[in-house]
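See structure below.
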Amino acid sequence: MERPTEVRIRPATPDDAEFLVRGNAQLALETEELSLNLDRLRTGVQALFDDPARGFYLIAEVDGTRVGQMMVTTEWSDWRNGVFWWIQSVYTVPEFRRRGVFRSLYAQVQAEALEHDGVCGLRLYVDAHNEQAQAAYRRCGMHETGYRLFEVDSVIRRPGQ
């Protein structure tokens, strides 16, 4: 597959909401075999636009066509007296995978983080079985931590819980 000539990254706007909803739904289905409630998901995407303190989305485009997305939220670290930017809801349209879309999104968020004095680092979580994504994150210079993720999820029920 030929690499795109240019991946353009821009902030998402409310006009991108349906693309984000579809991307998030596909992400959940492909990586965790979860079928998300689209009404709840749509409301969740809109909530971020309604309250920018929650975070922001970036959109990747090739020749004016949306091909990828990334959401960034924050977590305060008292140890570092700063915030981590959490990379979430990363999705690339299948026919544009392995063409630099994630790398371009990551480079943009990394550059923006460096411009904000209070940002102490970038973090993300990934499904333990998603080896392709893990390899992409390593290629961008990220490394696995010694932390494990624990949660109580009162919305999405997974098999065996």
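For this structure, a couple of remarks:
Table: residues versus (1) farther than 15 Å from Ala17 by Cα; (2) of a type in the set (Val, Ile, Thr).
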site: Asp51; (1), (2): no, no
site: Met70; (1), (2): no, no
site: Thr73; (1), (2): yes, yes
site: Asp78; (1), (2): yes, no
site: Trp85; (1), (2): yes, no
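- Residue, most open to solvent (accessible area, probe 1.4 Å), within region 88-108, restricted to residues that are part of a helix (DSSP H, G or I) and farther than 21 Å from Val21 by Cβ: Arg103
- Look at region 70-85: where a residue is open to solvent by 100 Å² or more (accessible area, probe 1.4 Å) and a partner is at pLDDT 95 or above and assigned to a strand (DSSP E or B), sitting 6+ places away or on another chain with Cβ atoms under 6 Å, you get Trp76/Val83; Arg80/Cys120.
- Of everything in region 21-69 that is part of a loop (DSSP other than H, G, I, E, B) and of a type in the set (Gly, Ala, Ser), the residue that is surrounded by the most Cβ atoms within 10 Å (Cβ to Cβ) is Gly55.
- Test result for Leu114, in a strand (DSSP E or B), of a type in the set (A, V, I, L, M), farther than 25 Å from Arg157 by Cα and at pLDDT 95 or above: no
- Residue identified as free of Cβ contacts under 8 Å to residues at least 12 places away in the same chain and aliphatic (A, V, I, L, M) among Ala111, Ala60, Ala136: Ala111
- Selection from region 121-155 of residues that are open to solvent by 100 Å² or more (accessible area, probe 1.4 Å), among the acidic types (Asp, Glu) and within 18 Å of the chain's Cα centre (by Cα): Glu131, Glu144
The values are calculated or read from the model by the stated rules, or taken from the named source; none is laboratory data. Quick caveat, the model's predicted, so the values are computed rather than measured. Every residue, glycine among them, receives a Cβ derived from its backbone with ideal geometry; neighbour counts consider all protein chains shown. Ligands, DNA and RNA are stripped out before the accessible areas are found, and what is left, the full protein with its side chains, is counted by its heavy atoms. Shrake-Rupley method; radii C 1.70, N 1.55, O 1.52, S 1.80 Å.
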